[in-house]
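So the structure is just underneath, and the comments pick up after that.
The values are calculated or read from the model by the stated rules, or taken from the named source; none is laboratory data. If you're wondering where the values come from, they're calculated on a predicted model, not measured in any experiment. Every residue, glycine among them, receives a Cβ derived from its backbone with ideal geometry; neighbour counts consider all protein chains shown. We work out accessible area using only protein heavy atoms, side chains counted, and drop any ligands, DNA or RNA first. Shrake-Rupley method; radii C 1.70, N 1.55, O 1.52, S 1.80 Å.
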Amino acid sequence: MPSKLFLSIALSLLEYFAFAQEVSTEKERKHFASFTFAYGIVPQGAAEDNISEGHVVPATGADYLFRIAPKWEVGIMVDYELAKYVIPRKEGLIRERAFIATGVIAYNILPQLSVFGGGGVEIEKHKNLGIARLGIEYSFPLKNYWVIPVGFFGDFKEGYQNYSFSVGIGRSF
């Protein structure tokens, strides 16, 4: 009798561990792409014809992320600044319509909330600069896997910083 009880428990445990995983009929979505619009503030920046510091820089961007684990993603963020400004305290460093490419790693704290960080390069006709990026993003879900990502991030460059607020439209696939 104890062997039948043992066999019954063993089969129940085997069934539990073998078939307890949730079966999903939906394809797992590992890719995410978005287009964003941002406004950044460059505290050390100024317009060429104005010596007061603190310059607002509009930008557009595109992001691509690939999920490598349930809470981890890797990707690239590219941005294009739509302004010209100068960093007076950095030997009159001129920045004009810079292109920024950053490789990032993102960690999803919650399904819609993630933090990210990475490094990259700012390409500009006067001088290219290395950058480090740290940020946070919240994605407001819409229908059919569309989201509105809202983010805040800082770019730390050689000699100055840029803090940006972005809003976009994206989709997982």
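Here are some notes:
- Flag if residue 89 is closer than 23 Å to residue 64 by Cα, over 13 Å from the mean Cα position of the chain (by Cα) and surrounded by fewer than 19 Cβ atoms within 10 Å (Cβ to Cβ): no
- Restricting attention to the stretch 25-44 and to residues that are within 15 Å of residue 150 (Cβ to Cβ) and in contact with a Lys or Arg (Cβ under 8 Å, 6 or more places away or on another chain), the residue that is surrounded by the most Cβ atoms within 10 Å (Cβ to Cβ) turns out to be 34.
- When residues of the stretch 45-57 are limited to those that are under 16 Å from residue 124 (Cβ atoms) and without any contact (Cβ under 8 Å) to a residue 60 or more places away in the chain, the one most open to solvent (accessible area, probe 1.4 Å): 48
- Filter result (within 14 Å of residue 136 (Cβ to Cβ) and of a type in the set (Val, Ile, Thr)) within the stretch 93-120: 104, 105, 109, 115
- Residue among 99, 140, 152 that alone is under 16 Å from residue 33 (Cα atoms) and open to solvent by 80 Å² or more (accessible area, probe 1.4 Å): 140
- Annotation note: Cβ proximity below 9 Å between a residue of the stretch 134-154 that is free of Cβ contacts under 8 Å to residues at least 12 places away in the same chain and a residue that is surrounded by fewer than 14 Cβ atoms within 10 Å (Cβ to Cβ) and part of a helix (DSSP H, G or I) (sequence gap 6+ or interchain) occurs for no pair.
- In the stretch 155-173, residue surrounded by the most Cβ atoms within 10 Å (Cβ to Cβ) [restricted to those that are small (Gly, Ala, Ser) and farther than 16 Å from residue 61 by Cβ]: 172
- Residue count for the stretch 71-94 under the criterion of being modelled with pLDDT of 95 or more and of a type outside the set (Ser, Thr, Tyr): the result is 11.
- Residue ID - surrounded by the most Cβ atoms within 10 Å (Cβ to Cβ), chosen from residues in the stretch 60-86 that are closer than 21 Å to residue 127 by Cα and acidic (Asp, Glu): 79
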